[in-house]
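Below is one structure, written out as structure tokens, with a few remarks after it.
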């Protein structure tokens with residue numbers, strides 16, 4: 001039975017988290033044989049590992065994993081179940097279950113611009129565990145094939161897409177038009193929930209944008225959030241692939257910093273005695 005494959009495909013399309021539960025060992029009398037699988041979501045179940053107390057306990061464990069905010073950094077979990085002593089089942093055998101979290105990518109990159117650097121960057125990001133929203137008004141600029149984690153969107157009004165982006169996204173702007181770049185930066189900085197807002201260009205371009213953004217009413221603290229130039233400092237190179245690698249490295253650095261921030265904040269709180277200190 002391959003229903004679990006279809007279920008995971010549908011859940012991936014919906015970007016819904018799940019846990020794949022596999023019977024990896026089945027000794028003695030057990031409800032199902034080794035290799036059986038089921039997919040568990042927060043409120044759904046696809047497939048079965050035989051029902052009864054074993055499946056009920058597996059559902060509890062899988063959903064506890066999904067509710068754990070650290071599940072993204074944890075690997076698969078293997079648990080052994082003696083069916084008689086532990087679960088009161090009459091089978092009398094023992095089963096080993098593997099719990100594998102299957103999560104949508106936590107890193108979302110919104111890439112505006114399908115020029116030479118945009119295409120090179122989409123190619124690099126296509127090899128990384130992230131979701132890429134690639135937006136440009138020019139359909140002909142997109143390549144015929146893109147990696148599976150890259151979603152192309154032809155939009156006559158790219159600025160309108162900014163409001164639709166998910167919170168926490170890293171926004172990168174590198175369109176064919178400086179005016180469109182400015183409109184996108186303006187819209188992106190009006191939101192405060194993006195991980196970063198990056199703009200391709202030189203220090204001179206940044207200076208010009210700073211003046212124009214100030215005229216549009218953006219304060220200094222808001223303008224400081226604009227990352228321009230983009231890319232890991234000192235990486236050098238002006239070839240699209242070189243720029244793309246430098247920018248991808250910076251994306252990963254930012255993502256790592258965002259992930260570590262809650263843990264560091266928690267550690268600082270603990271060292272200061274916590275809320276009861």
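The values are calculated or read from the model by the stated rules, or taken from the named source; none is laboratory data. As the structure is a computational prediction, the values presented were derived from the model and not from experiment. Backbone-built Cβ (ideal geometry, glycine too); neighbour counts: all protein chains shown.
Of all residues in the stretch 1-33, those satisfying the criterion of being more than 28 Å from residue 149 (Cβ to Cβ), surrounded by 13 or more Cβ atoms within 10 Å (Cβ to Cβ) and at pLDDT below 90 are 26, 27, 29, 30, 31, 32.
Counting only residues that are closer than 25 Å to residue 125 by Cβ, buried (at least 16 other Cβ atoms within 10 Å of the Cβ) and either touching a helix residue (DSSP H, G or I) at 6+ places or on another chain (Cβ under 7 Å) or not assigned by TED's automatic domain parsing to the domain that holds residue 119 (or both), the stretch 195-252 holds 17 of them.
Taking every residue in the stretch 136-157 that is in the same structural domain as residue 182 (by TED's automatic domain parsing) and pairing it with any residue that is in a helix (DSSP H, G or I) and surrounded by fewer than 16 Cβ atoms within 10 Å (Cβ to Cβ), at least 6 positions away or on another chain, the pairs with Cβ-Cβ distances below 8 Å are 154/139. Counting only strands (runs of 3 or more DSSP E) wholly contained in the stretch 9-71, the ones carrying 3 or more residues that are in contact with a strand residue (DSSP E or B) (Cβ under 6 Å, 6 or more places away or on another chain) and closer than 29 Å to residue 130 by Cβ occupy 18-27, 37-40.
Surrounded by 14 or more Cβ atoms within 10 Å (Cβ to Cβ) and at pLDDT 95 or above: which single residue out of 117, 102, 71 fits that description?
Working: 102 fails: at pLDDT 95 or above; 71 fails: at pLDDT 95 or above.
From the options 117, 102, 71, the qualifying one is 117.
In the set 91, 36, only one residue is at pLDDT 90 or above and not assigned by TED's automatic domain parsing to the domain that holds residue 149; that residue is 36.
Of everything in the stretch 166-183, what is surrounded by 20 or more Cβ atoms within 10 Å (Cβ to Cβ) and within 22 Å of the chain's Cα centre (by Cα)? Give them in sequence order. Across the stretch 166-183, the qualifying residues are 169, 170, 171, 172, 173, 174.
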